[in-house]
1. Residues to consider are A:Ser174, A:Ser156, A:Ser150; find the one that is under 25 Å from A:Ile267 (Cα atoms) and within 13 Å of chain B (Cβ to nearest Cβ).
2. Within the stretch A:213-234, which residues are part of a loop (DSSP other than H, G, I, E, B) and either without any contact (Cβ under 8 Å) to a residue 12 or more places away in the chain or within 15 Å of the chain's Cα centre (by Cα) (or both)?
3. Condition first: part of a loop (DSSP other than H, G, I, E, B) and within 18 Å of A:Ser231 (Cβ to Cβ). Now tell me which residues in the stretch A:67-112 satisfy that.
4. Please enumerate the residues belonging to the stretch A:38-49 that are in a loop (DSSP other than H, G, I, E, B) and at pLDDT 85 or above.
5. When the stretch B:173-204 is examined, which residues are found to be surrounded by 10 or more Cβ atoms within 10 Å (Cβ to Cβ) and not hydrophobic (A, V, I, L, M, F, W, C)?
6. Go through the stretch A:258-289 and give me each residue that's surrounded by fewer than 22 Cβ atoms within 10 Å (Cβ to Cβ), in contact with a helix residue (DSSP H, G or I) (Cβ under 8 Å, 6 or more places away or on another chain), touching a residue at least 24 places away in the same chain (Cβ under 8 Å) and under 19 Å from A:Asp179 (Cβ atoms).
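The values are calculated or read from the model by the stated rules, or taken from the named source; none is laboratory data. It should be emphasised that the depicted structure is a prediction, and the values quoted were computed from it without experimental measurement. Glycine also receives a Cβ, built like all others from the backbone with ideal geometry; neighbour counts cover every protein chain displayed.
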Amino acid sequence: MLELWTTYGIWTAMTLMYIGIIVGCVLTAVAYLTYAERKVMSAMQRRQGPMTVGPFGLLQPIADGIKLFSKETIIPSQANKIVFLLAPMLLFALALMAWAVIPFDKGWVLANINVGILYLVAISSMMVYGVIMAGWASNSQYAFLGALRSAAQMVSYEVSMGLIIVCVVLVTGSLNLQDIVEVHRPIWVQIMLLPMLVVFLISILAETNRAPFDLPEGESEITGGYMVEYSAMAFALFFLGEYSAMIMMSAMTTILFLGGWLPPFGIEALAFVPGIIWFALKTAGVLFFFIWSRATLPRFRYDQLMRLGWKIFLPLTLGWVVLVSGMLITFDALP
Amino acid sequence: MVVQALAFYLFASILVLSAFFVITARNPVHSVLFLILSFFNAAGLFVLLGAEFIALTLVIVYVGAVAVLFLFVVMMLDISFADLRKGAMQYVPMGLVIGAIILTELVMLFGAWQFAPGAGQNLAVPVVELVDVTNTEALGQVLYTNYVLAFQVAGLILFIAMIGAIVLTHRRRPGIRRQVVSKQQAVRGEDVIEIRKVTTGTGA
């Protein structure tokens, strides 16, 4: 028994500490992402944004958090209570689980598993359950419509995301996220992957239900979509889960296309900056794209969204997989 | 080893329990949710076996795609639970027969392993030792190099089944206006707008 403690006890304690650090960082990042979103959008719309709580409004996210904590949780009487409360917890837990395999810097990863990228795809494909369960359990038409829209949308865009990931995996020859970052990519391969980066960026907007693909919560049509009936902490969990998924998708883009923790464009002179800073900067750049497109683009119509996913992205990415693998074989560049 | 055994019993017991609730839950949506839980625990068991690729494929394909569609359909159905209960007993003999057949097959399979050690040699072993490569690579070797013909034929059969399903269910409904994006894009200002000079007082 003592042996068990010395073997697993220290390991468990260390892992729990790492998990604590990662969750703390992610939640802080989520809080300040909401602040950044409001500030960036207000700057784009020539407004001030939050500015009264703390210097430059920097304490606004904390004030919002306290407000949501102190509110009353309302459960509709006709709702299926267990599923109703389970849905936001599931979404939030999944959004945090994904961070287990993200490498922040060389060797800075909680679980360095061989199939890291598949793990991320699996987690993001399960996020849809949080939304469907919430919509169904609320027992309200608006919520149910939002859930149906969201499910169809997430399933459709997952297909093209999966094919893009296949392209990247063909180039790198590994499903391990650290290897994906570190494998050297010739310049023509990088140019080949550029169109896929564009499609991937659009797909992650749809996958995280963000504007211009935020139909599941379209205020003007179905009031608030699947979140209509939620209040207080349950709502906060949805909110945190959604923003954490946004940061996770940005980190995934960084790892797949932007070179993770390596300095940009392979400039050796910039290697003195710690890798985690590059990782954070690149992720923040993708997050800026999220906010930018929300402030710029009007919402899609639902059939246009489906057409884009199935009739444009799916054939394009499928053809690109064939093209990339053909070129890799022709130029003998298979890893 | 203790931890692995504990994890096995945890996954296995949740798997069996949730599979039990799939068939006993009163609400069909709860049944599907329990089904998802059991898929998930089966994936956990695969991870314990060291088959991480199969585990994650199980989650992506079954939990992420198949069960979503199940849930979709079950939620859309307008189900009256009383009607559902009424006819349930008539299916019991059929269910028992199918269950008995599957149980017999499992027992025979297990018996073959036990009593005829030679049966194990018919198994397809990974061509490369798993020590050298990850099990994703070993699977790829088996599927795409050693058994590529069988794999492609299976893919072709699935493809034909898919086309068949689409042909059977697709119907062209008359009287529906479809959006043709290329046509919309090709419209020019001159085709749809006519600018006329109208003098004051003469326009109608």
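1. A:Ser174
2. Of all residues in the stretch A:213-234, those part of a loop (DSSP other than H, G, I, E, B) come to A:213-214, A:218, A:223-224, A:228-231.
Answer for the stretch A:213-234, where residues must be part of a loop (DSSP other than H, G, I, E, B) and either without any contact (Cβ under 8 Å) to a residue 12 or more places away in the chain or within 15 Å of the chain's Cα centre (by Cα) (or both): A:Phe213, A:Asp214.
3. Of the residues in the stretch A:67-112, the ones part of a loop (DSSP other than H, G, I, E, B) are A:71-80, A:102-112.
Residues satisfying the conditions are A:Lys71, A:Glu72, A:Thr73, A:Ile74, A:Ile75, A:Pro76, A:Ser77, A:Gln78, A:Ala79, A:Asn80.
4. Taking the stretch A:38-49 and keeping what is in a loop (DSSP other than H, G, I, E, B), we get A:45-49.
If the condition is that a residue be in a loop (DSSP other than H, G, I, E, B) and at pLDDT 85 or above, then A:Gln45, A:Arg46, A:Arg47, A:Gln48 are the ones that fit.
5. Of the residues in the stretch B:173-204, the ones surrounded by 10 or more Cβ atoms within 10 Å (Cβ to Cβ) are B:179, B:181.
Selection gives B:Gln179 alone.
6. A:Leu258, A:Gly259, A:Leu262 - these are the residues of the stretch A:258-289 that are surrounded by fewer than 22 Cβ atoms within 10 Å (Cβ to Cβ), in contact with a helix residue (DSSP H, G or I) (Cβ under 8 Å, 6 or more places away or on another chain), touching a residue at least 24 places away in the same chain (Cβ under 8 Å) and under 19 Å from A:Asp179 (Cβ atoms).
Each row is one residue, and each column tells you yes or no for (1) part of a helix (DSSP H, G or I); (2) touching a Lys or Arg at 6+ places or on another chain (Cβ under 8 Å); (3) touching a residue at least 12 places away in the same chain (Cβ under 8 Å).
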| position | (1), (2), (3) |
| --- | --- |
| A:Ile291 | yes, no, yes |
| A:Arg294 | yes, yes, yes |
| A:Phe300 | no, no, yes |
| A:Asp303 | yes, no, no |
| A:Arg307 | yes, no, no |
| A:Leu314 | yes, no, yes |
| A:Gly319 | yes, no, no |
| A:Leu323 | yes, no, yes |
| A:Met327 | yes, no, yes |
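Quick grid of which residues meet (1) closer than 30 Å to A:Tyr119 by Cα; (2) surrounded by 14 or more Cβ atoms within 10 Å (Cβ to Cβ):
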residue: A:Glu37; (1), (2): yes, yes
residue: A:Ala43; (1), (2): no, no
residue: A:Gln60; (1), (2): no, yes
residue: A:Phe69; (1), (2): no, no
residue: A:Glu72; (1), (2): no, no
residue: A:Ile75; (1), (2): no, yes
residue: A:Val83; (1), (2): yes, yes
residue: A:Leu90; (1), (2): yes, yes
residue: A:Ala95; (1), (2): yes, yes
